[in-house]
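In what follows, a single structure is set out as structure tokens and then discussed.
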Amino acid sequence: MKIRLSVSLVLAALPLLAAPLGAHHSFAPFAMDAERTVTGTVIQFDWTNPHTWIWLEVPNDKGGVDKWGVEGMSPNYLARRGWSKTTLKVGEKVSIVVHPMKDGSNAGTFIRATTADGKPLAQTGQPTEP
């Protein structure tokens, strides 16, 4: 009887323990069924945990610029796929395809990119290290 009670309590607690993990890695704010391409100038590349961020100035239709934030994978994950903290440099032009925010704000999650010189950038695929 004590073993059954203990097992039942552990099983009942598992969803509560897993909830914070799911919340951290949730894609709920992003429109995962949509893609948007933004082209702009890198103003900052945050090589930080738990996720990298690319900050762009993107020209708008009013003659100004909008600041965009693009969330990427972790530095560890990206480093194993050939990225480094200098992959994107301030002042560099880049076109990035994102899953945009559902609320329409100027942000998204990274899908793929192309630098001004035509170099493709991806975050998925096989690691470059053994």
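Nothing in this text is a laboratory measurement; each read-out follows from the coordinates by a stated rule. Since this is a predicted model, take the numbers as computed values, not measurements.
Among the lysines of the range 55-130, pairs that are 8 or more positions apart or on different chains and have alpha carbons within less than 22 Å of each other number 9.
Subtract the Cα-Cα distance of residue 102 and residue 90 from 0.36 nm times their separation in residues, and report this length gain in nm to one decimal. It would help to have the intermediate numbers written out before the result.
Working: separation 12, 0.36 × 12 = 4.32 nm, distance 2.76 nm.
Value of the extension gain: 1.6 nm.
For the range 36-122, a/c is not less than 1.5, where a ≥ b ≥ c are the root eigenvalues of the C-alpha gyration tensor, and a/b tops b/c. That puts it in the prolate class.
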